[in-house]
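Undergrad: Sharing a structure with you now.
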Amino acid sequence: MIMRMSKTFIKTLREAPKEETATNGALLTRAGFIHKEMAGVYDYLPFGMRVINNIEDIVRDELNKIGCEEMQFTALQNPELWEKTGRWSDQEVDIWFKTEVSSGGMVGLAPTHEEPITNMMKEYISSYKDLPLAIYQFQTKFRNEKRAKSGIMRGREFLMKDLYSFHTSQEDLDKFYDKVFQAYINVYERLGLGDVTFPCFASGGIFSKFSHEFQTLLPVGEDTIYYTKNKAIVLNKEVVIPEVLKEFGIKKSDLIEDTAAEVGNIFKLSTKFSLPLDLKYTDENNERREIYMGCYGIGISRLVGVLAEYFSDDKGLYWPEAVAPYKYYLIGIDDKGAKAAEKLYKGHEELMIMDDRDLRPGEKFADADLIGIPYRVIVSDKTLEKDSVEITDRKTGKSKLVSLKDFKKSCK
């Protein structure tokens, strides 16, 4: 991948497109992370892909730790499966993208994958010895949202991590659910959102009293949540009803109202999909039993938008180091500084982007602030006189001189 600003096709913009009103969409477009094709549909440019890959790596690491396996499902969907669960009907699910096949019949673009993974597992699960099992993927989903808005926080085409688990009993599902719950907590902590992201009680539908959403406090969030002062109890607006308040032993007047963006959800599906699709296992006594399921989602591209909203200021973005496309934004000033920067850059291309364009230093500084790489590194005649580089923290704006020797050590 090209890591020189002079070689990349990406061009930063001083102004966002007029139709891009959401902060995340405007900044990510101006900084060269995304390109808008149409309402709710975006391309991810090299900077954007590096952020997405970093988020995926964190999610993948936490899921693999609890024994999940990664695979890839198809986007095209067979209507027959979805008809068995009643979810092919536009009256039940009104966000389908459907099309006719030239040889006859219809296919749809998957908005989610409960049906196909359940059906697939009929070929791989037969005995209790095959369970529990947890499968996940990172895949583009398609949802015909009536009003695609909020930049990449709500799109018609978006990248999602979806995990599906299969169990011999409700008790086993409950145990795994708790493991995923903690894995999600770990993910948001590693993304830099731990202080503002909370598990939130939401409706569990007909199969459980509650599900859990993970909500990030955000002024532009689309959800309304209520929480106690210590945030020990966080409730989605939909469940703030007398019976629930009584169950938690709280009054609505005890709760703080706020806006938030949903960045994940986990559900106990029970036998909602295994029964209609006839997914069963044989127990120790050779009896056929129902399989209990859970599903667990994280909107990966949505998270990019949430991070951009949260980690931004009037100058642009400032990415947490764990997800930033690069750690360092390297700028050499004057001939001597440029030559020294070139030496620093070689061998450390994965850590830094070098701005070697024929532009004034001020223009490079402005782009460094807009793109939001965590640390700007300046090499100039002035810093070289002290055998140092100047490092500026993008988030705090604080600068310091660091010896060339120590900086080289930090790049290992």
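Each reported figure results from applying straightforward, stated rules to the coordinates on display, with no laboratory input. Since we're looking at a predicted model, the values are computed, not measured. Positions of Cβ are backbone-derived with ideal geometry, glycine not excepted, and every protein chain shown enters the neighbour counts.
Undergrad: Please give every one of the aspartates and glutamates within straight-line cross-link reach of Lys395, meaning a C-alpha to C-alpha distance under 16 Å, and leave out same-chain neighbours fewer than 8 residues apart.
TA: Within the straight-line limit of under 16 Å, Lys395 reaches these aspartates and glutamates: Glu309, Asp313, Asp314, Glu321, Asp367, Asp369.
Undergrad: Using the structure shown, list the pairs from Lys336/Lys382; Lys7/Lys343; Lys179/Lys251; Lys65/Lys409; Lys343/Lys398; Lys315/Lys405 with a Cα-Cα distance above 20 Å, or answer none.
TA: On the way: Lys336/Lys382 10 Å; Lys7/Lys343 18 Å; Lys179/Lys251 30 Å; Lys65/Lys409 30 Å; Lys343/Lys398 25 Å; Lys315/Lys405 31 Å.
Those over the limit are Lys179/Lys251; Lys65/Lys409; Lys343/Lys398; Lys315/Lys405.
Undergrad: Order by neighbour count: His113, His348, fewest other Cβ atoms within 10 Å first, most last.
TA: On the way: His113 22, His348 19.
Exposure proxy ranking, most exposed first: His348, His113.
Undergrad: Hey, what does the equivalent ellipsoid look like for the chain, semi-axes from the Cα gyration tensor as sqrt of 5 times each eigenvalue, largest first, whole Å? Mind showing how you got there, number by number?
TA: Working: eigenvalues 388, 114, 96 Å².
Largest first, the chain gives 44, 24, 22 Å.
Undergrad: If you take every residue apart from Asp283 with its C-beta less than 13 Å away from the C-beta of Asp283, what net charge results, scoring Lys and Arg +1 and Asp and Glu -1? Intermediate values should be presented prior to the final figure.
TA: On the way: positive: Lys129, Lys280, Arg288, Arg289; negative: Asp130, Asp172, Glu284, Glu287, Glu290.
Value of the local net charge: -1.
Undergrad: Right, next: Over the alpha carbons of the stretch 327-371, what is the largest minus smallest coordinate on each principal axis, giving the biggest first in Å?
TA: Computed over the Cα atoms, the extents are 26, 24, 11 Å.
Undergrad: Sorted from fewest to most neighbouring beta carbons within 10 Å, what does the list Ser6, Ser102 look like? If you can, show how the numbers build up before the last one.
TA: Numbers: Ser6 11, Ser102 6.
Placing the least packed residue first, the sequence is Ser102, Ser6.
Undergrad: Would you please name the trypsin sites (Lys or Arg not before Pro) within the stretch 198-273 that are DSSP coil residues with at most 16 other C-beta atoms within 10 Å of their C-beta? Mind dumping the intermediate values first?
TA: Details: sites: Lys209, Lys229, Lys231, Lys237, Lys246, Lys251, Lys252, Lys268, Lys272; in loops: Lys209, Lys229, Lys231, Lys251, Lys272.
Here the sparse-neighbourhood loop sites are Lys209, Lys229, Lys231, Lys251.
Undergrad: In whole angstrom, note down how far apart the Cα centers of the stretch 122-144 and the stretch 174-220 are.
TA: 21 Å
Undergrad: Let me ask you something else. Working out 0.36 nm times the residue gap between Lys408 and Met38, then minus their Cα-Cα distance, what length gain in nm do you get to one decimal?
TA: 128.8 nm
Undergrad: Could you give P(r) for the stretch 1-85, binned at 5 Å from zero, as whole percent values over all Cα-Cα pairs?
TA: That works out to 3, 11, 15, 15, 14, 13, 14, 9, 4, 2, 0, in percent per bin.
Undergrad: Given q = 0.26 Å⁻¹, what are the Debye log10 I(q)/I(0) values for the stretch 326-410, with equal point scatterers placed on the Cα positions and solvent ignored?
TA: Those come out to -1.54, one per q.
Undergrad: At a Cα cut-off below 16 Å, give the lysines reachable from Lys36, other chains included and same-chain residues fewer than 8 away excluded.
TA: List returned: Lys11, Lys18, Lys149.
Undergrad: Related question: Quick one: if you stick a label point 7 Å off each Cα along the C-beta vector at Thr259 and Ser169, how many nm between them?
TA: 4.7 nm
Undergrad: When Ser169, Ser253, Ser274, Ser127 are ordered from fewest to most other Cβ atoms inside 10 Å of their Cβ, what list results?
TA: Values: Ser169 16, Ser253 6, Ser274 23, Ser127 11.
The order, fewest Cβ neighbours first, is Ser253, Ser127, Ser169, Ser274.
Undergrad: Give me the number: length gained by fully extending Lys346 to Asp61, i.e. 0.36 nm times residue separation minus the C-alpha to C-alpha distance, one decimal in nm.
TA: Values: separation 285, 0.36 × 285 = 102.60 nm, distance 2.93 nm.
Length difference between fully extended and current span is 99.7 nm.
Undergrad: Out of the DSSP beta bridges found with both residues in the stretch 326-410, what percent are antiparallel (nearest 5)? Each step should come with its number before you reach the end.
TA: Numbers: 9 of 17 bridges.
Expressed as a percentage, antiparallel bridges in the stretch 326-410 total about 55.
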